[in-house]
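Presented below is the structure to which this report refers.
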Amino acid sequence: MKPCLICGTPTLNSRCGNCKPKYRKAPNPVHASWRWRQLSKSVRRASPICERCGSTTRLTAEHVHPVRERPDLAYVRENIAVLCNACNASRKPWPQWRQQTVLDAIEARKQRQAKSR
């Protein structure tokens, strides 16, 4: 037996029955998908530096416009930012200018595609 991480009561697991979380948040289907994993790898390879602090280790990909607010942008490359684990964990919201930059880049790509047709 070992002590509970929260209250110290002896338990077989890391937390006793009283301190164990009552529910587990379901994984976001976007982040669990093969398509997201491939896009995330591709974006991190193309830009291997954290956008906020400049770190080059333990990089993750994050949506600038959250999936819950803009599900239509879930797999749009321009909406993906590269952050290190520490910056991603801080959960600071993206500034308005950065969110607008994403929308402008998407619109510019659509216009280029329309001209080439």
* In what sequence, highest mean first, do 1-12, 73-84 appear when ranked by Cβ atoms within 10 angstrom? -> 73-84, 1-12
* Asked: Under a straight-distance cross-link criterion of Cα-Cα below 21 Å, which lysines are reachable from residue 110, leaving out those fewer than 8 residues away in the same chain?
  -> none
* Structure fact -> The answer for chymotrypsin sites (Phe, Trp or Tyr not before Pro) in the stretch 7-66 that fall in a DSSP coil and have at most 16 neighbouring Cβ atoms within 10 Å is 23
* Asked: Hull surface divided by four, with the convex hull built on the Cα atoms of the stretch 17-91: how many nm²?
  -> 6.3 nm²
* Sort 90, 47 so the one with the fewest other Cβ atoms within 10 Å of its own Cβ comes first. => 90, 47
* **Quarter of the Cα convex hull surface for the stretch 50-116, i.e. its orientation-mean projected area (nm²)** => 5.1 nm²
* **Sum of -39500 (n - 2.57) over DSSP H runs of 4+, divided by residues of the chain (222 nm, nearest 500)** => -11000 deg cm²/dmol
* Cut-off under 5 Å, modelled amide H: who pairs with residue 60 long-range -> 83, 84, 85
* Using unit Cβ charges (K, R positive; D, E negative) and no other charged atoms, how large, in debye to the nearest 20, is the dipole of the chain about its Cα centre? -> 340 debye
* **Candidates 92, 20, 41: whichever shows maximal mean-square fluctuation once the chain is modelled as a Gaussian network with Cα springs under 10 Å** => 20
* Asked: Summing Lys, Arg as +1 and Asp, Glu as -1, what charge do residues with Cβ under 15 Å from the Cβ of residue 3 carry, residue 3 excluded?
  -> +3
* Structure fact -> Farthest towards the positive end of the dipole of the stretch 74-117, among 90, 111, 79 and with Cβ unit charges of +1 on Lys and Arg and -1 on Asp and Glu, lies the Cα of 111
* To do: Can you spot the aspartates and glutamates whose alpha carbon is less than 14 Å from residue 115's alpha carbon? Ignore those fewer than 8 places along the same chain.
  => 107
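Every number in this text was worked out from the coordinates using simple rules, so none of it is lab data. Since we're looking at a predicted model, the values are computed, not measured. Note that we place each Cβ from the backbone using ideal geometry, even for glycine, and neighbour counts take in every protein chain shown.
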